[in-house]
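Enquirer: Here's a structure for you.
No value in this document is a laboratory result; all are computed from the given coordinates. Note that the structure is a prediction, hence the values are computed from the model and not measured. Note: ideal-geometry Cβ built from the backbone for every residue, glycine included; neighbour counts use all protein chains shown.
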Amino acid sequence: MNSKNLLVTKGLKAFVADFEILHGIDLAVGEREVVALIGPSGCGKSTFLRCLNRLHEETEGAHVEGSVVLEGIELYDRKSDPVALRRRIGMVFQKPNPFPSMSVFDNVAAGIVLQGVKNKSVLQEAVERSLRQAALWDEVKDYLDRPGTSLSGGQQQRLCIARALTVKPPVLLMDEPTSALDPISTAKIEELVAHLKEQMTIVVVTHNMQQASRISDRTAFFLYGNVVEYGATREVFTTPKNRKTEEYITGRFG
Amino acid sequence: MISRDLKSRLMVALCYALLALALVPLLSILYTVISKGLPALSLDFFLKTPVPVGEAGGGIGHAILGTLLLILMASAIGVPLGLAMGILLSEYPKRKTARALRTVVEVLSSVPSIVVGLFAYAVIVKPMKGFSAHAGAVALAIVMVPMIARSSEEMLKLVPTSVREAGLALGLPRWKVILKIVVGGSIGSLIVSVLLAVARIAGETAPLLFTAFGSQRWFQGLNQPIASLPVTIYNYAISPYEDWHEKAWGGALVLIVLVVGLNLFVRMMWTKRRSTRS
């Protein structure tokens, strides 16, 4: 774990219409660290994640207050461009969502192709690098022309990770990335997270307590739009300071 | 008590019986049109214009060409407009313009096509002092636009929200996400909705009666009346001449082959897409 903070939120509040989902979140994520966000459904974990790449504001009637600083730059500054900043923060969703009618290759290349990169060898290199990083290269290298949707669920999710990696973001957000996958695919994704953290910072929402304890350095426990407890994963799971955290991780509510 | 097996057999038999019943009108239409229309077909039928009543020979090539031209012109207006509306309706459903547009499209799609023809007559034929291919194409385009708008909206809505979000999360501007990922990813189904609208206007008669009007000659220019298959069939069918009746059947056969052919082509493409997707 690195002591330098890469991503810091201060008093982060999220709204949809007049409803306040997050009540002022202060959270700091270090460089090359994996932070797990846990908590019962509807507690605001996913919303928090979507505030980090300014995706929350794309929802109809939604807005955000407070501050998110990435590498010293305020994301919610009036001058900041959400489109540009999202290239610095990748995202993986709950259900695998490859782009329809695009081949495996086109899916992985989409992020840079649609930004104007045309050089074939550059694209080929980028696609191979991303697929290798996502531990998918060996399985799909002979099927790069097949539709992305023809892969299995677990492969599709790794395809989506590869797609996010192509724009080389220093931060990767994962919103319950394994909740739609079988145990073997889940294990592969967890392994992948362990590799990726050598190069990047990862914030992952999960409903799976074992997963949080396996893959994360620090864990934040969300409840009713607040962070109840945030600390080293081992401590949160073995000696939680808050009674609510203990009740949740031992399965007494949630 | 009847055994389950017997019940199942009875239900299957019933389904086949109903299917046969449903096929009766379709097959009898096809049979009639083919048996009466086939004798009219000849090379001249496709390549010549009508000859004066009483003389043998001649054809309705002008009407076939006219219909193709009208379809092309109407599509040039109607397809881009309809697709643009479909995209607006599906991608920005809560905008005020989209809400207003939805009402307009719904009203437009329920307007009888003869009224569309009257409208084009009032705004184009009257001011321009004459029937024209322009007016016919505009009338057909007005029939097309709401069809394409509604069906393309439905097709685009099939793309999950999370796919759009994935595009945004990659750092792409929304317009690129819509054009390259949502529209680009649905191109096959959008072609289907366009072709269905084309098949529909190919057989429309009412909007052409007081717009394109009809003609006995080859193409005379876009600001002149132009013949079309449906209107020619109508005129020939109500005439008292035996020879014209036969030509009307021939025209009906050509029209049916055109529309059914397009329909089958669309369906084949559709099932092919489905099978490659799953």
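Enquirer: Using the beta-carbon distance between B:LYS272 and B:SER8 and R0 = 25 Å, what value does 1/(1 + (r/R0)^6) give for FRET efficiency, to the nearest 0.05? Provide the component values of the computation, followed by the final result.
Expert: Numbers: r = 33 Å, r/R0 = 1.31.
The computed FRET efficiency comes out at 0.15.
Enquirer: When DSSP assigns beta bridges and you keep just the ones with both residues in chain A, what percent turn out antiparallel, to the nearest 5? Intermediate results must be reported in sequence, preceding the final value.
Expert: On the way: 26 of 43 bridges.
DSSP beta bridges in chain A are roughly 60 percent antiparallel.
Enquirer: Towards the positive end of the charge dipole of the protein assembly as shown, with charges on Cβ (+1 Lys, Arg; -1 Asp, Glu), say which of B:VAL125, B:SER152, A:TYR230 has the farthest Cα.
Expert: B:VAL125
Enquirer: Please list, in order, the residues from region B:216-258 whose amide nitrogen is less than 18 Å from a point placed 7 Å along the Cα→Cβ vector of B:VAL53.
Expert: B:216-217, B:232-249
Enquirer: If eta is 1.306 mPa s and T is 10 °C, what Stokes-Einstein diffusion coefficient results for region A:1-97, Kirkwood Rh from Cα pairs, in µm²/s?
Expert: Value of D from the Cα-based Kirkwood radius: 113 µm²/s.
Enquirer: Rounded to whole Å and ordered largest first, report the semi-axes of the equivalent ellipsoid of region A:105-174 derived from its Cα gyration tensor (root of 5λ).
Expert: Each semi-axis is the square root of five times an eigenvalue, giving 17, 15, 10 Å.
Enquirer: Above 42 angstrom, tally the Cα pairs of the protein assembly as shown and express them as a % of all pairs, no decimals. The partial results should precede the final answer.
Expert: Details: 59379 of 141246 pairs.
That tail contains 42 percent of the Cα-Cα pairs.
Enquirer: Give the calculated FRET efficiency between A:ARG214 and A:VAL83 to the nearest 0.05, with a Förster radius of 41 Å applied to their Cβ-Cβ distance.
Expert: It comes to 0.75.
Enquirer: Pairs to check: A:LYS4/A:LYS188; A:LYS95/A:LYS168; A:LYS118/A:LYS168; A:LYS10/A:LYS95. Give those whose C-alpha atoms are more than 25 Å from each other in this structure.
Expert: Too far apart for the 25 Å limit: A:LYS4/A:LYS188; A:LYS10/A:LYS95.
Enquirer: Quick check: Cα centre of region A:32-52 to Cα centre of region B:166-209, how many Å?
Expert: Rounded to whole Å, the Cα centres lie 37 Å apart.
Enquirer: Only four residue types carry charge here, +1 at the Cβ of Lys and Arg and -1 at the Cβ of Asp and Glu. Report the dipole size of the protein assembly as shown about the Cα centre in Debye, rounded to the nearest 20. Let's see the in-between values first.
Expert: Details: 57 positive and 43 negative charges, 32 e Å.
Here the protein assembly as shown has a charge dipole of around 160 debye.
Enquirer: Taking Cα pairs under 8 Å and at least six residues apart, what relative contact order does chain A come out at, in percent?
Expert: The normalised contact order for chain A reaches 26 percent.
Enquirer: Now for a different question. Rounded to the nearest 20 Debye, what is the dipole magnitude of region B:43-277 about its Cα centre when Lys and Arg each give +1 and Asp and Glu each give -1 at the C-beta?
Expert: Here region B:43-277 has a charge dipole of around 1360 debye.
Enquirer: Taking N as the number of residues in chain B, what value does Rg over Cα atoms divided by 2.2 N^0.38 Å take?
Expert: Dividing the Cα Rg of chain B by 2.2 N^0.38 Å gives 1.23.
Enquirer: Separate question: Computed FRET efficiency, Cβ-Cβ of B:LEU222 and A:GLU31, R0 60 Å: what is it to the nearest 0.05?
Expert: FRET efficiency, B:LEU222 to A:GLU31: 0.35.
Enquirer: Right, something else. So how compact is chain A: Cα radius of gyration and Dmax in angstrom?
Expert: When restricted to the Cα atoms of chain A, Rg and Dmax are 18.1, 57 Å.
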